[in-house]
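Have a look at the structure below, then the notes.
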Amino acid sequence: MSADAHEAYGDREGHNYVDHLSDLVNNEYGRQMGEKIAAANPGASESQLRDAITREAKNYMTGGNYARPSDFE
């Protein structure tokens with residue numbers, strides 16, 4: 001996936017293995033979240049889907065459920 005390509009081929013300076021793992025986990029969650037929202041709202045416009053995904057992403061971040069490098073140490 002393109003998000004993972006950035007993790008694999010992007011600027012790696014100062015980016016260690018546990019940072020990489022947490023990024024990959026969060027990328028996968030984001031993809032699954034987008035697919036779930038799109039499937040639950042088949043008639044939604046791109047703008048409506050974007051808004052719903054943005055709301056869910058904010059909930060994910062403020063809820064503290066995202067993967068952190070410390071989760072892999």
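Nothing in this text is a laboratory measurement; each read-out follows from the coordinates by a stated rule. Keep in mind the model is a prediction, meaning the values are calculated, not measured. A quick note on method: Cβ atoms are made from the backbone with ideal geometry, for glycine too, and the neighbour counts reach across all protein chains shown.
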### Task
Taking 7 Å along the Cα-to-C-beta vector as the label spot, tell me the Ile53-Ser70 distance in nanometres, rounded to one decimal.
3.0
### Column: log10 I(q)/I(0), Debye, Cα scatterers of the stretch 16-57, q = 0.19, 0.32 Å⁻¹
-0.58, -1.05
